[in-house]
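Notes to accompany the following structure.
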Amino acid sequence: MRFICDSTLGKLTKYLRILGFDAISISNLDALNTYKNLVDPPLLFTRRRKTISYQPMILIKTNRIEEQIKEIENSIKPYINGNDFMTRCIECNALLESTEKENIEARVPEYIYHHHEEFKVCPSCKKVYWEGTHTKHIKKWTTTLKPLE
Ligand SMILES: [Zn+2]
């Protein structure tokens, strides 16, 4: 499932990526032209109140991330898959790739290197991820959101 978030929804975009969703961030609504004629256009989350002809769209009312999550909860719940958690780069939405531990030794703190076996790397920005990177975010999520059985 793909989503588009306007640039005022930075935190929400990151949460969607943590859950493994393809979450595109756009700073200019003209970018919607790229998607609106697709057979299956991504669902847009936006706080912009000016008239937008794009569909499907959900207008986000609040500024607080906790409230925003509640606003989109029903829209994303059917698509949540626990296997997809932590498969995307939070910063650039790219799918993370597994990497040999040796490859990232110089790029993570020594303690982390010695206490983790599995690392993933973003092919786009090269950020290194390990189990725990997303943990404090994901804990908050999983208490309110559970994948459907
Ligand atoms: Zn990245």
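The values are calculated or read from the model by the stated rules, or taken from the named source; none is laboratory data. All values reported here derive from a predicted model rather than from experimental measurement. We place every Cβ from the backbone using ideal geometry, glycine too, and count neighbours over all the protein chains shown.
Observations
- Considering residues of the stretch 55-87 that are free of Cβ contacts under 8 Å to residues at least 24 places away in the same chain and of a type in the set (V, I, T) only, the residue surrounded by the most Cβ atoms within 10 Å (Cβ to Cβ): I58
- For K36, the requirement of being away from the ligand (no atom under 16 Å from the Cβ) and within 20 Å of P123 (Cβ to Cβ) is not met.
- Cross-chain or 6+ apart pairs with Cβ under 6 Å, the stretch 102-118 first and assigned to a helix (DSSP H, G or I), then β-branched (V, I, T): I104/V128; R107/V128
- Flag if T51 is surrounded by fewer than 13 Cβ atoms within 10 Å (Cβ to Cβ), assigned to a loop (DSSP other than H, G, I, E, B), away from the ligand (no atom under 16 Å from the Cβ) and at pLDDT 85 or above: no
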